[in-house]
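Colleague: Quick one: the structure is below, questions incoming.
The values are calculated or read from the model by the stated rules, or taken from the named source; none is laboratory data. Quick caveat: nothing in here was measured; it's all calculated off a predicted structure. Glycine also receives a Cβ, built like all others from the backbone with ideal geometry; neighbour counts cover every protein chain displayed.
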Amino acid sequence: MTGFTVTLVLVVAAAGLLRWRRPAWYWMTFGVTLAALRVRLRYASVMDACRLTVPPSRWRLALARATNRPIPENRPPRILRLRPTRTGLVLRLKLRPGQDAFDVAAASDRLRHSFTMYGVTSRELRSGVVELRMTGYDVLKRVQMPAKTDTSRPMRIPVALREDGGVHYRDYRAVPHALTLGATESGKSVYQRNLVAGLAPHDVALVGIDCKQGVELFPLARRFSALADNQDTALDLLEALVDHMQDVYQVIRAEQRISIAVPDAEIAADIWDLPEHLRPVPVVVLVDEVAELALYATKEEEKRRDRIITALVRLAQLGRAAGIYLEICGQRFGSELGKGITMLRAQLTGRTAHRVNDESSASMAFGDISPDAVLAAIQIPTDAPGVAVTGDSSGGWARIRAPHTSLRQAVNICNRHADRAPHLPALAAFRPAVPAVPSARMSLSKTAPATA
Ligand SMILES: Nc1ncnc2c1ncn2[C@@H]1O[C@H](COP(=O)(O)OP(=O)(O)O)[C@@H](O)[C@H]1O
Ligand SMILES: [Mg+2]
């Protein structure tokens, strides 16, 4: 008996310790079973208390009366599936007649408290079926990306964890250009670094413009095909990219040769329609601190600024089909930066806002998309750098946080994949000079020359 008591105390203590120090492990060991039991056992009463039940139908009432049975109870939505996940539970419900998805969404905070879960979000899967995604703990506190992510589609990079435990992907083919805003020290550069690390193993040319003297992107230079660290080089680089874009369009034109015999599906209108051996490599242009490109003090600089913005607007308007994608980061990106900015912003479909200090900055990201998202971006606490609000493919928005990839980790990943940095003739002049002597760490990578 004492042996049993001691074991029990030890297990409870271990569970308590895990829950406090390692909520993710606690969830996978104890939490998930307890929560699934809790949801199963309390389901009917919680749904009733959250006013998500419907009165019995007429025929059931009539049947009860006819057979002299007690009046049947109110009925909650039927559970189609209860699936445990790495971070929580997914509950799929079939709504009863008269209920709608909005009822469930409006009750999600009540459900969260009643089931003692950390977060509950709901979405409609199809008419009459709603999915509740519940998380068991704060998944954004210590971001751990799942070991397995969906990498089946090219140019789709898992970059952050969503609040509901899902993975946020940066899908360049669905959303070619993106804007990331945030106050200083809010986590923009870390987000961008994650993107670079995610893109490094893919067949893609990386082009960087970092007017903060290159402190963020130059350490990753071995994986980059072109880099600029000041406005003058940035202008030349962007204009060279516009030339590269024209060349790519020539390749697509040459391949089109549309005749009556060519099936519709084979007419090439962008690089992804070209056969693989002809396809130009896609280019991702990363711009950190974009406002630096739009500021000027003298007349000369103003001319340069106008040319830079024009080149960016052209890339944003025409780049997608040529496989040129823009990834722009900045603190603010509004009309006060001068003409052309709002036009450029309108082309940047993907929006992400880290913590911002005022509503107008958040509005630059979401004002024209969702007022709720503006509010959510302002409410991000200062002690959670990296937490951001992002628009998602469904037109809604979600809170995300990228894993904290240190510069060292990103440098190692980039060095490991340095041989994948393609050589683009149009951008040859901007290819960063790679250090001649590989460091000890670099010589571990397969690209380094064998020096033994
Ligand atoms: N996803 C994250 N998780 C944890 N800490 C982060 C995260 N992103 C940023 N940080 C912290 O915030 C600091 C500032 O981030 P940084 O990306 O340089 O901000 P910004 O570029 O917006 O000025 C980083 O040094 C890092 O310590
Ligand atoms: Mg930064």
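Colleague: Please indicate, with yes or no, whether at least one residue in the range 154-163 is farther than 24 Å from Cys414 by Cα, modelled with pLDDT under 95 and part of a loop (DSSP other than H, G, I, E, B).
Modeller: Within the range 154-163 (the criterion being farther than 24 Å from Cys414 by Cα, modelled with pLDDT under 95 and part of a loop (DSSP other than H, G, I, E, B)), the answer is yes, since at least one residue qualifies.
Colleague: Would you point out the residue of the range 210-224, among those that are closer than 19 Å to Ile328 by Cβ and surrounded by 22 or more Cβ atoms within 10 Å (Cβ to Cβ), that is nearest to ligand 1 (Cβ to nearest atom)?
Modeller: Within the range 210-224, the match that is nearest to ligand 1 (Cβ to nearest atom) is Glu216.
Colleague: Is it fair to say Val39 is in contact with a strand residue (DSSP E or B) (Cβ under 7 Å, 6 or more places away or on another chain), surrounded by 13 or more Cβ atoms within 10 Å (Cβ to Cβ), in a strand (DSSP E or B) and in contact (Cβ under 8 Å) with a residue 24 or more places away in the chain?
Modeller: Taking the combined requirement at face value, the residue does not satisfy it.
Colleague: Further question on the same structure: For the range 369-391, give me the residue count where each residue is part of a loop (DSSP other than H, G, I, E, B), surrounded by fewer than 23 Cβ atoms within 10 Å (Cβ to Cβ) and over 16 Å from the mean Cα position of the chain (by Cα).
Modeller: Matching residues across the range 369-391 total 7.
Colleague: Out of Thr233, Thr184, report the one residue that is surrounded by fewer than 20 Cβ atoms within 10 Å (Cβ to Cβ), under 29 Å from Asp358 (Cα atoms), in contact (Cβ under 8 Å) with a residue 40 or more places away in the chain and hydroxyl-bearing (Ser, Thr, Tyr).
Modeller: Result: Thr184 is the single residue among Thr233, Thr184 that is surrounded by fewer than 20 Cβ atoms within 10 Å (Cβ to Cβ), under 29 Å from Asp358 (Cα atoms), in contact (Cβ under 8 Å) with a residue 40 or more places away in the chain and hydroxyl-bearing (Ser, Thr, Tyr).
Colleague: Give me the pairs: first residue in the range 388-417 and farther than 30 Å from Ile369 by Cβ, second residue assigned to a loop (DSSP other than H, G, I, E, B) and of a type in the set (Val, Ile, Thr), beta-carbon distance under 9 Å, and six or more apart or on different chains, which are they?
Modeller: Ile413/Thr405; Asn415/Thr447; Arg416/Thr447; His417/Thr447
Colleague: Sort out for me the strands (runs of 3 or more DSSP E) sitting completely within the range 67-146 that have 1 or more residues that are in contact (Cβ under 8 Å) with a residue 60 or more places away in the chain and surrounded by 13 or more Cβ atoms within 10 Å (Cβ to Cβ).
Modeller: 88-94, 119-126, 129-135
Colleague: Now for a different question. Which count do you get for residues in the range 259-294 that are surrounded by 10 or more Cβ atoms within 10 Å (Cβ to Cβ) and either under 20 Å from Pro422 (Cα atoms) or at pLDDT below 90 (or both)?
Modeller: 20
Colleague: Out of everything in the range 402-420 that is within 16 Å of ligand 2 (Cβ to nearest atom) and within 17 Å of the chain's Cα centre (by Cα), what residue ends up being farthest from Gly165 (Cα to Cα)?
Modeller: Thr405
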